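Just below is one structure, and these are the notes that go with it.
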Amino acid sequence: MVRFLVLFSYLGRNFSGLQVQTYSPVKTVVGVLQYAFTKLVHQIDYPGTKDQAVKFVTSSRTDRGVSALCNAGHVDIYSPKILRMMRVPDDFHSRYNALSRSYVYRVCCLGNRNVPVPTALDVPLLERQTCLIIRQQLDMESVQKAAQLLTGRHDFRAFTTPTNRRLIEDDASNNNNKDDDEESDIEIESVKDMEVKVQSGQGALDEYVDYLYGGRMKIWDFHFRAHSFLYRQVRKMVGAMPRKPSKGE
């Protein structure tokens, strides 16, 4: 359960007051807000919320016909953390109007070749659910070169699943009616302008990690930025990064 502070405004002439009128089916500000949040919670469909109405509590009450430039209230709902909300035009689409997308993939290198199968217990508590754990160190000189090669405009079909690659190619063959100067469906789907950067991801944990793990453990952040990504593209690109060979390999 998460509590949200909500700032809202309204024209009083559009409502029959602020508070819900228990014995009268009139339109009120809180009634509309509670209905909207209840509908949202039911769509999320968390266990135990199906028949529950969300309660919206306001800081100030206004009578019928009274407007508010900024009123405040709070609501308790099951929800991921909402960082920011804003009003947008009716034709706005969060997917198709996106200018770019950024992806950070964290890799924790244990630097201990004696660990046959790394687990979450081998890394700091705060990193156990945030990174890929591998036992070898990355060959960072080669990784940086690979990141430079991936940066720019390329066809990234090799970094998606075989099934998705076939779907892209099948769709292109079924819609092969474009002019010569138009991009093909394959180009639209798989050719991306990609920016790739790799940097240390430890930050404030540097001293702590070095003290407990003897300087062997390293955490790296792979930053990817593009207009869009193919299915499983980022994890496959990270998986292709060079690692230092283990003894005997």
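With θ set to phi - 60° and the Karplus curve 6.51 cos²θ - 1.76 cosθ + 1.60, what are the ³J(HN,Hα) couplings of the range 221-229 in order, to the nearest whole Hz, using x for Gly and Pro?
Result, ordered by residue: 10, 9, 9, 10, 9, 7, 5, 7, 10 Hz.
Which value in nm describes the separation of the simple spin-label points at N14 and R232, placed 7 Å from the Cα toward the beta carbon?
4.7
Would you mind checking which residues have amide H under 5 Å from M241's amide H? H placed 1.01 Å from N; only 5 or more apart, or other chain.
none
Give me the extension gain from E195 to D90: residue separation times 0.36 nm, minus the current Cα-Cα distance, reported in nm with one decimal.
Stretched out fully, the E195 to D90 stretch lengthens by 34.6 nm.
Picking from V57, G17, L33, whose Cα lies most toward the positive end of the charge dipole for the range 2-77 (charges on Cβ: Lys, Arg +1; Asp, Glu -1)?
Checked the options; the winner is G17.
All of the numbers you see were taken from the coordinates with simple rules; none came from a lab. Note that this is a predicted model, so its numbers are computed, not measured. Cβ: placed from backbone, ideal geometry, glycine included. Neighbour counts: every protein chain shown.
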